[in-house]
Every structure is written in structure tokens, then in C-alpha cells.
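The values are calculated or read from the model by the stated rules, or taken from the named source; none is laboratory data. In this text the structure is predicted, and so the values were computed from the model without any measurement. Neighbour counts run over all protein chains shown; Cβ positions are idealised from the backbone, glycine included.
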Amino acid sequence: MSKPPGLRLHPRTMKVQQAEAEFHVLVAGFLDAHSDLTDVELAQIMLIAPPIPLKYALRAERHPEDPTRKADEE
């Protein structure tokens, strides 16, 4: 039986979105606590983990049979 057309979310998408929301709250607190740093200094700290390689690693983790699929796809 095939599923109807349309994008269906991966089962972990909502869990990850909740964690991202919590992380944003933590980042806001960090920024408030370190308001004496310049924007460039803060950017240097915040960009420790490069996002592009992680995007593709997450795709490969969730869809090892087809890593070209987006991570949020079912």
C-alpha cells in the first residue's frame, strides 16, 4: 500500500525542533551574559560547529539508503 503524495515529516523532526527551541533560549541567555563581547567575537564563538557538513551527515544518518533525501523527510 502506497502512501498519499506529499511531504511527511521524519519521526524525529519534532523532537529536534523542540531541542532547537530550547537551545535558542540557552543562546539568548549566553548572549545576555556576554554582552560585553563584540558581534564578531560572538560569531567566532557561535560558529565552532560548521552547519553544512552536519546537514549532510544528518541526511546520511537518517536515510543511509538515500542520503540525497532531506533529513526532515519520512
Can you name every residue in the range 24-33 that is surrounded by 11 or more Cβ atoms within 10 Å (Cβ to Cβ) and free of Cβ contacts under 8 Å to residues at least 12 places away in the same chain?
-> Phe30, Leu31
Flag for Glu65 being among the charged types (D, E, K, R) and either surrounded by 10 or more Cβ atoms within 10 Å (Cβ to Cβ) or at pLDDT below 90 (or both) = no
Residues that are part of a helix (DSSP H, G or I) and surrounded by fewer than 11 Cβ atoms within 10 Å (Cβ to Cβ), drawn from the range 1-13 | none
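Of a type outside the set (Phe, Trp, Tyr), loosely packed, with under 10 Cβ neighbours inside 10 Å, assigned to a helix (DSSP H, G or I) and at pLDDT 90 or above: does that describe Asp36?
So Asp36 fails the test.
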